[in-house]
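For reference, the structure discussed in these notes is given below.
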Amino acid sequence: MYQFLSEAGGIIGFAIEGTGILFIGAGFCYAFFSAIRNKSAKNKEELLREFRHDIGLSMLVGLDFLVAGDIIRTVTVVHSPMGVLSLGLIVLIRTLLVFTIHLEVEGRWPWQAKLSKQGDP
């Protein structure tokens, strides 16, 4: 039974990580083609800001999937302390990336309150 759970956890973990990679790739393609499509309608600064925002959002979602896949594989597959330590380090790095990308995209840390626009209640 444990062997089955270990193998299933490994497959599920890799599938979730693959989904994260797909999100990042699809988000980049969307941002790239959206920028090309809107090239003449917007100024360069606004176009670059939207391009970076779209890529950042897809990276945030993709990294969340990658971290989830790492956690599942750590719990179900890895059996050595060194493997757990290395995967823990990967999760830590990816989590730090999520925080910095969130700061770049939203202009605030995830735990800070969202700034309301003028005129909003």
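The values are calculated or read from the model by the stated rules, or taken from the named source; none is laboratory data. Keep in mind that this is a model prediction, so the values were computed, not measured. Cβ: placed from backbone, ideal geometry, glycine included. Neighbour counts: every protein chain shown.
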Exercise for the section: Check whether at least one residue in region 64-84 is hydroxyl-bearing (Ser, Thr, Tyr) and within 15 Å of the chain's Cα centre (by Cα), and report yes or no. Expected result: no
Glu17 meets each of (1) more than 14 Å from the chain's Cα centre (by Cα); (2) within 24 Å of Val98 (Cα to Cα) with one exception, condition (1)
- Would a scan of region 49-67 turn up a residue that is among the acidic types (Asp, Glu), part of a helix (DSSP H, G or I), touching a Lys or Arg at 6+ places or on another chain (Cβ under 8 Å) and surrounded by 11 or more Cβ atoms within 10 Å (Cβ to Cβ)? yes
Glu106 fails exactly one of (1) surrounded by 12 or more Cβ atoms within 10 Å (Cβ to Cβ); (2) under 20 Å from Glu17 (Cα atoms); (3) out of contact with any helix residue (DSSP H, G or I) (no Cβ under 8 Å at 6 or more places or on another chain), namely (2)
Being in contact with a Phe, Trp or Tyr (Cβ under 8 Å, 6 or more places away or on another chain), farther than 18 Å from Asp64 by Cβ and aromatic (Phe, Trp, Tyr) narrows Phe32, Phe23 down to just Phe32
Among residues of region 68-87 being in a helix (DSSP H, G or I) and either in contact with a Cys (Cβ under 9 Å, 6 or more places away or on another chain) or not aliphatic (A, V, I, L, M) (or both), the residue farthest from Ser6 (Cα to Cα) is Ser86
Expected single match for touching a helix residue (DSSP H, G or I) at 6+ places or on another chain (Cβ under 7 Å) and at pLDDT 85 or above among Val84, Val61, Val78, Val91 is Val61
Selection from region 6-31 of residues surrounded by 13 or more Cβ atoms within 10 Å (Cβ to Cβ) and among the acidic types (Asp, Glu) yields Glu17
Note on Ser34: of the conditions (1) under 30 Å from Tyr2 (Cβ atoms); (2) surrounded by fewer than 18 Cβ atoms within 10 Å (Cβ to Cβ); (3) among the polar types (S, T, N, Q), unmet is (1)
